[in-house]
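Below is one structure, written out as structure tokens; comments come after it.
The values are calculated or read from the model by the stated rules, or taken from the named source; none is laboratory data. Just so it is clear, the model here is predicted, and its values are computed rather than measured. No Cβ is skipped: glycine too gets one built from the backbone with ideal geometry, and neighbour counts run over all protein chains shown. Note: accessible area is taken over every heavy atom of the protein model, side chains too, but ligands, DNA and RNA are not part of it. Shrake-Rupley method; radii C 1.70, N 1.55, O 1.52, S 1.80 Å.
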Amino acid sequence: MAEQIEQKRLLVTEVPGPRSKEIAARRDEAVAAGVSSGVHAYIERGSGAILVDADGNHLLDLGSGIAVTSVGHAHPAVAAAIAAQALDFNHTCFMVTPYEEYVAVAEALNELTPGDHAKRTALFNSGAEAVENAVKVARLATGRTAVVAFDHAYHGRTNLTMALTAKNMPYKDRFGPFAPEVYRMPMSYPLRDGGRSGAEAAADVISQIEVQIGAENLAAILIEPIQGEGGFIVPAPGFLPALSEWATANGVVFIADEVQTGFCRTGSWFACDDEGVVPDLITTAKGIAAGMPLAAVTGRQELMDAVHAGGLGGTYGGNPVATAAALASIGVMRDEDLAARARHIGEIITARFGALKAELGSIAEVRGRGAMIAIELVKPGTLEPDAALAKAVVASCAAEGVLTLSCGSYGNVVRLLPALVISDELLADGLDVLEAALRANC
Ligand SMILES: *Cc1c(COP(=O)(O)O)cnc(C)c1O
């Protein structure tokens, strides 16, 4: 059993320290340059919202490995489940000889995801793989090929998901040609679309779909209910329900990509729950298994079961250790009511930075939901994105041992994705550092 790590930020060297720098020098000689890191502190241990680096610095993690370790680092219940499963067996390939944990995760997802219709689930390794498979299912079930994705969307880095992702640099640049039959539509982005209502923004999308694609050719509308990498863009109320209703009326599969928003992050099990939207297919990953690679597509039984036997799968998809971790993580979320914790965290962050927005002209908007809150930064008095400021703020925080992430199509958004188990005290410490960084750099 690992020793308990005190839930306190503590710096004993600069960040990164000398030991991390030694490893970084080895990395430069060994790891491909295309794989980059935000902060070059090499991590040795973690617990809750604290990561301990190779120099003994206790870093406060407000990014959770991009919304993955929602139950905290090395949660004892999850670690125990992983260890127990690792001692039993690590792999058979579910397509060769199955095991109960896979079935139990499918049951849990069928129960927890929005809607009480009959559902089926298939498991994969990554968010991108889940999105690819959701598109495969939608195309096969509808006999149509076109897929709609949105401005600012992020769906992954494989060939099809690069096509679905909006942002060129760094995700797509010179990696083409990309998969065909992907159509991009305008996202509801209240800060930057003149504050159009959800209904107006959806009507525009629907009219463009009818003009450019034709409903009869459209297999799926794929959307993040709150966009993640794109800048935590929350569409105006009514946008998602209007698109979902139109999809249903036109035989189009509505796919919610909840890879980042899922598993209590936004204060509900899934972000679609907040507007009563019931997607036909939902993709999940990130928060599902506390860091073990696991992803899923869950959806209407008639869509999922349209696929012929053997049409879905993969060597590792639904690996037994990953599924054991998922069952334990879901148990923690349920037992500790982490959805309520996420709402509480969201209130604290929004109150703090909402007040600061009144003072600092560089803050254009504080937005998000639950423990998924971002600050969009601009040149004061304009909507001109200030990516340099976001970068400086993230760097200032890292130097103080607080890990935050930037995002946004324009790179000008600072986002917070703390572990849902973070204490109010530790969160306040992190927000103090972020506030000071904003004041110092604005
Ligand atoms: C991260 C992310 C993906 C891709 O997940 P990977 O596991 O990195 O492949 C897809 N969709 C959304 C919304 C994401 O945030």
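Report whether or not ALA419 is under 17 Å from CYS264 (Cβ atoms) and surrounded by 20 or more Cβ atoms within 10 Å (Cβ to Cβ).
yes
Name the residues in the stretch 331-370 that are among the small types (Gly, Ala, Ser), at positive phi and free of Cβ contacts under 8 Å to residues at least 24 places away in the same chain, would you?
Those that are among the small types (Gly, Ala, Ser), at positive phi and free of Cβ contacts under 8 Å to residues at least 24 places away in the same chain: none in the stretch 331-370.
Every residue in the stretch 8-20 that is surrounded by 16 or more Cβ atoms within 10 Å (Cβ to Cβ) and touching a residue at least 40 places away in the same chain (Cβ under 8 Å), please.
Selection gives ARG9, LEU11, THR13, VAL15, GLY17.
Would you call ALA33 more than 24 Å from ALA328 (Cβ to Cβ) and open to solvent by less than 20 Å² (accessible area, probe 1.4 Å)?
Against the criterion (more than 24 Å from ALA328 (Cβ to Cβ) and open to solvent by less than 20 Å² (accessible area, probe 1.4 Å)), ALA33 does not qualify.
Kindly indicate whether any position in the stretch 202-209 is open to solvent by 50 Å² or more (accessible area, probe 1.4 Å), in contact (Cβ under 8 Å) with a residue 24 or more places away in the chain, over 22 Å from ARG265 (Cβ atoms) and touching a helix residue (DSSP H, G or I) at 6+ places or on another chain (Cβ under 9 Å).
Checking the stretch 202-209: at least one residue is open to solvent by 50 Å² or more (accessible area, probe 1.4 Å), in contact (Cβ under 8 Å) with a residue 24 or more places away in the chain, over 22 Å from ARG265 (Cβ atoms) and touching a helix residue (DSSP H, G or I) at 6+ places or on another chain (Cβ under 9 Å).
Counting only residues that are part of a loop (DSSP other than H, G, I, E, B) and within 14 Å of the ligand (Cβ to nearest atom), which one in the stretch 210-229 is surrounded by the fewest Cβ atoms within 10 Å (Cβ to Cβ)?
The extreme case among them is GLU229.
Within the stretch 371-385, identify whether any single residue is over 20 Å from the mean Cα position of the chain (by Cα), without any contact (Cβ under 8 Å) to a residue 12 or more places away in the chain and part of a loop (DSSP other than H, G, I, E, B), and answer yes or no.
The answer is yes, given that some residue of the stretch 371-385 is over 20 Å from the mean Cα position of the chain (by Cα), without any contact (Cβ under 8 Å) to a residue 12 or more places away in the chain and part of a loop (DSSP other than H, G, I, E, B).
For the condition part of a helix (DSSP H, G or I), among the β-branched types (Val, Ile, Thr) and in contact (Cβ under 8 Å) with a residue 24 or more places away in the chain, what is the one hit in ILE5, ILE23?
Answer to the check: ILE23.
From the list ALA128, ALA108, ALA122, ALA146, exactly one residue is within 19 Å of PRO293 (Cβ to Cβ), away from the ligand (no atom under 16 Å from the Cβ) and either modelled with pLDDT of 95 or more or in the same structural domain as SER329 (by TED's automatic domain parsing) (or both). Which is it?
Result of the check over ALA128, ALA108, ALA122, ALA146: ALA108.
Among THR261, THR266, THR284, THR248, which is open to solvent by 30 Å² or more (accessible area, probe 1.4 Å) and polar (S, T, N, Q)?
After applying the criteria, what remains is THR248.
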